[in-house]
Amino acid sequence: TKTAVAPSNLGAIDAAHHLHPFSDMKKLNAEGTRIISRADGVHIWDSNGKQYLDAFAGLWCVNVGYGRKSIADAAYEQMQELPYYNTFFGTTTPPTTLLAQKIASHSGPNLNHVFFTNSGSEASDTWFRMARVYWKALGHETKTMVIARKNAYHGSTVAGASLGGMKWMHEQGNLPIPGIVHINQPYWYVEGGDLTPEEFGLKVAKELEDKILELGEENVAAFVAEPIQGAGGVIVPPETYWPEIKRIAAKYKILLVSDEVICGFGRLGTWFGHQHYDFEPDLAPIAKGLSSGYLPIGGVLVSERVAKVMIEELGDFYHGYTYSGHPVSAAAAIENLRIIEEEGLVERVRDDIGPYLNQALLSLTDHDLVGEAVSVGLMGAVQIAADKATRRRFSKPDDVGTLVRNQCVSNGVILRASGDRMLFSPPLIISRGEVDQAVDTLRKGLDWLKDNHKE
Ligand SMILES: Cc1ncc(COP(=O)(O)O)c(CNc2cccc(C(=O)O)c2)c1O
């Protein structure tokens, strides 16, 4: 394969012209940016030719792995045929409509309609407005408040960042916007205290009911949650959590929103994360694995309950994007989903490689610095502990996570650190041997931390 030739001074050019997301640019320009120039399967290569096992699938998204020529061909064919047309003013394009049908074949029969966006953040803003519009169309225009969770991540648009529960994001831009409140997250390891996980799961889920009663059911539009919080640290909820959320959501007239941007498209061993946790949402943002990151595309899955009102009662929904349902992105996404179907990747995650990752991560719990290891499907986390007996953390969680991540990267494995949790989210095609390589490399990183970081 052709290796894109990066000029030797690309780093300097990058420093001169490119502002990166979520980056301390002064630090980055001092350290220099790593130029990733090629990828295939589960591997990426930087411009120095160094190979990495990408155990994070880009940003949780390259579900089918890199180098899928059939996706490139599908995009190429479509781009030659029809490079762009919009879905406003009564038009659609074949790939857009056929993609909606293919998604619905896995998310239906309840989530049977799709509204397309370019990203997960735009999907957050889309369902946020849909929820309010839905209740107003039914005559409940005071139902505008949305309940979300601390340490959740729902994107970087104004509503997305406000729905997210990361206070350091809120401080940039005077967020959250009014109308959004946050309840606690089901992070037993750090916030569970002396409760068992089961007791804690019930307690923290019940906060939803308390919050609805505090705000007044007549004022609440929706509750949003990721089946498993991703960027927040792969916070796998206790078994008791989702059944209790499901009970509360059924008891009160609020919309239940499942953020499937990470948990969708096979990540948990089901097509969507809500299917793993056996609940039916009214709205569900999607992105990432929809196209495996080959082209930007996102959307919102809309339940019959909401779609019926939007179709029968609403009239115009004054919302949408120039590229909503972009035909080339849609064509790539169709081929991506076909690969997932044809290769049985969802079932592979559920029955083979997901359980394999789980036992591999659990084998780390014998390490002095590992407080817990959790995973569902191919979404996992290893919690670093300063003292595992008391669950005491190192004083600077972000620093230890970064130190261990840097060790892993220099040993050829890309992992994500979220605070002091080391996160796995590899392509769904990763082999058992590659899982072993990633876990062994993490173990080496933890050994290094033990020898070099005393507290
Ligand atoms: C649950 C969830 N919802 C919405 C978004 C926003 O999607 P877009 O980025 O396409 O607008 C996300 C995105 N998640 C995301 C994006 C970038 C980096 C990281 C990280 O964990 O470092 C995570 C996400 O994880």
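Quick check: is even one residue across region 135-149 free of Cβ contacts under 8 Å to residues at least 40 places away in the same chain and of a type in the set (A, V, I, L, M, F, W, C)? Checked region 135-149: no residue is free of Cβ contacts under 8 Å to residues at least 40 places away in the same chain and of a type in the set (A, V, I, L, M, F, W, C). Within region 202-252, the residues that satisfy the criterion of being more than 16 Å from the ligand (Cβ to nearest atom) and either among the acidic types (Asp, Glu) or in contact with a Gly (Cβ under 6 Å, 6 or more places away or on another chain) (or both) are Glu207, Glu209, Asp210, Glu214, Glu217, Glu218, Pro238, Glu239, Thr240, Tyr241, Glu244.
Can you find a residue that is within 17 Å of the chain's Cα centre (by Cα), without any contact (Cβ under 8 Å) to a residue 24 or more places away in the chain and within 25 Å of Val64 (Cβ to Cβ) anywhere in region 271-278? Yes. Residue count for region 204-241 satisfying the condition of being β-branched (Val, Ile, Thr) and under 20 Å from Gly155 (Cα atoms): 5. Does Asn118 qualify as being surrounded by fewer than 23 Cβ atoms within 10 Å (Cβ to Cβ), at pLDDT 95 or above and over 22 Å from Gly293 (Cβ atoms)? Against the criterion (surrounded by fewer than 23 Cβ atoms within 10 Å (Cβ to Cβ), at pLDDT 95 or above and over 22 Å from Gly293 (Cβ atoms)), Asn118 does not qualify.
Here the condition is being exposed (fewer than 15 other Cβ atoms within 10 Å of the Cβ) and of a type in the set (A, V, I, L, M); of Leu208, Leu213, it holds for Leu213 alone.
What residue, among those in region 388-442 that are of a type in the set (D, E, K, R) and surrounded by 16 or more Cβ atoms within 10 Å (Cβ to Cβ), is nearest to the chain's Cα centre (by Cα)? Step by step, filter region 388-442, then rank; the result is Arg416. Just one of (1) more than 30 Å from Val435 (Cβ to Cβ); (2) in contact with a Gly (Cβ under 9 Å, 6 or more places away or on another chain) fails for Glu77. It is (2). Scanning region 31-84 for residues that are surrounded by 14 or more Cβ atoms within 10 Å (Cβ to Cβ) and on the phi > 0 side of the Ramachandran plot gives Gly41, Ala57, Gly58, Trp60, Gly65, Gly67.
Here are Ser8, Ser37, Ser70, Ser23: which of them is within 16 Å of the ligand (Cβ to nearest atom) and polar (S, T, N, Q)?
Every option except Ser23 fails the conditions.
Look at (1) crowded, with 19+ Cβ neighbours inside 10 Å; (2) away from the ligand (no atom under 16 Å from the Cβ); (3) over 30 Å from Tyr318 (Cα atoms); (4) among the β-branched types (Val, Ile, Thr) and you find that Thr93 fails only one, number (3). For region 440-453, state whether one or more residues are assigned to a loop (DSSP other than H, G, I, E, B) and either of a type in the set (Gly, Ala, Ser) or out of contact with any helix residue (DSSP H, G or I) (no Cβ under 9 Å at 6 or more places or on another chain) (or both). Within region 440-453, not a single residue is assigned to a loop (DSSP other than H, G, I, E, B) and either of a type in the set (Gly, Ala, Ser) or out of contact with any helix residue (DSSP H, G or I) (no Cβ under 9 Å at 6 or more places or on another chain) (or both).
Among the residues of region 303-341, those identified as aliphatic (A, V, I, L, M), touching a strand residue (DSSP E or B) at 6+ places or on another chain (Cβ under 9 Å) and over 26 Å from Leu428 (Cβ atoms) are Val306, Ala307, Met310, Ile311. The selection criterion, being farther than 28 Å from Ala161 by Cα and touching a residue at least 24 places away in the same chain (Cβ under 8 Å), does not hold for Thr87. Scanning region 32-70 for residues that are polar (S, T, N, Q) and farther than 23 Å from Gly120 by Cα gives Thr33, Ser37, Ser47, Asn48, Gln51, Ser70.
Asp194 falls short on exactly one of the conditions (1) over 30 Å from Thr91 (Cβ atoms); (2) in contact (Cβ under 8 Å) with a residue 40 or more places away in the chain, and that condition is (2).
Could you go through region 365-376 and let me know if any residue there is in a helix (DSSP H, G or I) and over 24 Å from the mean Cα position of the chain (by Cα).
Taking region 365-376 first, the residues in a helix (DSSP H, G or I) are 365-366.
Then drop every residue that is not over 24 Å from the mean Cα position of the chain (by Cα), which leaves 365-366.
Yes, region 365-376 contains at least one residue that is in a helix (DSSP H, G or I) and over 24 Å from the mean Cα position of the chain (by Cα).
The set of residues in region 49-90 being within 30 Å of Leu361 (Cβ to Cβ) and among the polar types (S, T, N, Q) consists of Gln51, Asn63. None of Gly155, Gly179 is away from the ligand (no atom under 16 Å from the Cβ) and at positive phi except Gly179. Taking region 264-295 as the range and being touching a helix residue (DSSP H, G or I) at 6+ places or on another chain (Cβ under 6 Å) and surrounded by fewer than 24 Cβ atoms within 10 Å (Cβ to Cβ) as the test, the residues that pass are Thr270, Trp271, Tyr277, Phe279, Gly293, Tyr294, Leu295. The residues listed here are Leu111, Leu99, Leu138; of these, the one that is more than 16 Å from the ligand (Cβ to nearest atom) and over 20 Å from Leu256 (Cα atoms) is Leu99.
The values are calculated or read from the model by the stated rules, or taken from the named source; none is laboratory data. Note that the coordinates shown come from a computational prediction; the quantities given were computed from them, not determined experimentally. In this analysis, Cβ positions are derived from the backbone assuming ideal geometry, glycine residues included, and neighbour counts consider all displayed protein chains.
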